[in-house]
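Q: There's a structure below that I have some questions on.
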Amino acid sequence: MNLLKLGYKITKLYAFNHLFLKHSLCNISSYICSMSFLEDKTPNRIPLSKLGEFGLIQHISKNFELKNDTSVFGIGDDCAVIDVGHHFQLLTTDMLIEGVHFDLTYTPLKHLGYKSVVVNLSDIYAMNGLPKQITVSIALSNRFPLEAVEELYEGIRLACVAYNVDLVGGDTTSSTSGLCLSITAVGEVSKDKIVYRNGAKEYDLIVVSGDLGSAYLGLQLLNREKQVFESNPQMQPDLQNKDYVLQRQLRPEARKDIIDLFESKGIVPNSMIDISDGLSSELLHLCSNSKVGCAIYEEKLPIDFMAISIAEEFNISAATCALNGGEDYELLFTISQAHYDAIKDDPDLTIIGHITDVSHGSELVTKDENHQPLTAQGWNALS
Ligand code: ADP
Ligand code: MG
């Protein structure tokens, strides 16, 4: 950093410092010292990878209490819940970063726009709610021409049309590295129909919508073809007849239809979460939030036939992809056994196991009848 920049930074810090001192949070010297955390390599600093993403969120949240009566539920579910009178408002936000969540060498911007909306709406559906509005914030570098931004927003617009939501605001800024997209979605749910992660009860059926693992396998395919292309740009990508897994990765859908199905059948699940980080990880969240255990069966995992054949091609277990792959954006929920008849013939819903007492732990029963503890090996932003 040159001296001019340092001077500017310190002037800015002084301006901030007035505020900090007023609230007796810290003073300028301790603030500048704290900045040296970034450079500090001493071994007693705790690396973020030690806490992991969820450990870090817990660590952050423990110092914050909800002060307003209208803040019904804060950190710890798919959405925050706000009491706005005759219904609850749902609020969720997700950030997508180039190079972490997407690779523009094979991600069409229109698909990216669509997906970035869908991943937020999925969290609203996971509370049994309906999305109504979104805001979109973008950070762009000057390598993006207007046409690229138009493509991105065409995808966002198509998702707004498909899910009947309104784009009502956002923020636009520059980025010195890649593209960053942050979307916030607002939804609504009746007070008597809201579903949290923490309501699962012993003997509940564990149900998952759609199929699992395909989005992960789509990503493996795209990465493989990217590598082939980089080593020999004359090669044509081998993506023939793989549309389904590619679509699951590049342009997923959120399960509004399942929320409509609950409404039409008069079902309110006891607990629900959407599968963004992998079935195992999400099921463990449901169980720990509900203070219950679970047993799920490998042979029951819904996996598309194309995913099975691509998993074979990659020499990986399709069940592992289904358990840990992530980005499926399916709904995982638990219902009381009284609802069994209402869902048993639905080809889009699969009962994969049941909820047990907490003392039983969370286990996976493999095809050869082995009982294994379920472990979260899905996506962790900080691992
Ligand atoms: P999801 O996978 O459903 O999007 P996350 O795992 O991202 O949920 O987040 C879990 C919970 O932690 C949510 O309630 C979310 O709002 C909250 N959360 C995540 N990151 C932060 C943060 N940096 N500060 C405060 N709350 C956070
Ligand atoms: Mg979620």
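Q: Give the number of residues within the range 279-329 that are over 23 Å from A200 (Cβ atoms) and aromatic (F, W, Y).
A: Total satisfying the criteria: 2.
Q: Residues of the range 300-312 being free of Cβ contacts under 8 Å to residues at least 60 places away in the same chain and surrounded by 13 or more Cβ atoms within 10 Å (Cβ to Cβ), which ones?
A: Scanning the range 300-312 gives K300, I308, S309.
Q: Continuing with the same structure: Residues that are within 13 Å of S280 (Cα to Cα) and free of Cβ contacts under 8 Å to residues at least 24 places away in the same chain: find the strands (runs of 3 or more DSSP E) completely inside the range 319-383 holding 1 or more of those.
A: Answer list for the range 319-383: 371-373.
Q: Determine, yes or no, whether D211 is more than 16 Å from ligand 2 (Cβ to nearest atom), over 22 Å from T93 (Cα atoms) and in a loop (DSSP other than H, G, I, E, B).
A: yes
Residue-by-condition table, conditions (1) within 10 Å of ligand 1 (Cβ to nearest atom); (2) out of contact with any Phe, Trp or Tyr (no Cβ under 9 Å at 6 or more places or on another chain):
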| residue | (1), (2) |
| --- | --- |
| V72 | no, no |
| D78 | yes, no |
| D83 | no, yes |
| H86 | no, yes |
| L96 | no, no |
| V100 | no, yes |
| G113 | no, no |
| V117 | no, no |
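Q: K256: basic (K, R) and at pLDDT below 95, yes or no?
A: No.
Q: A follow-up question, please. Go through (1) within 16 Å of ligand 1 (Cβ to nearest atom); (2) part of a loop (DSSP other than H, G, I, E, B) for A185 and report which single condition fails.
A: Result: A185 passes all but (2).
The values are calculated or read from the model by the stated rules, or taken from the named source; none is laboratory data. Owing to the predicted nature of the structure, the values given are computational and were not obtained by experimental measurement. Using ideal geometry, Cβ is built from the backbone for each residue, glycine included, and neighbour counts are taken over all protein chains shown.
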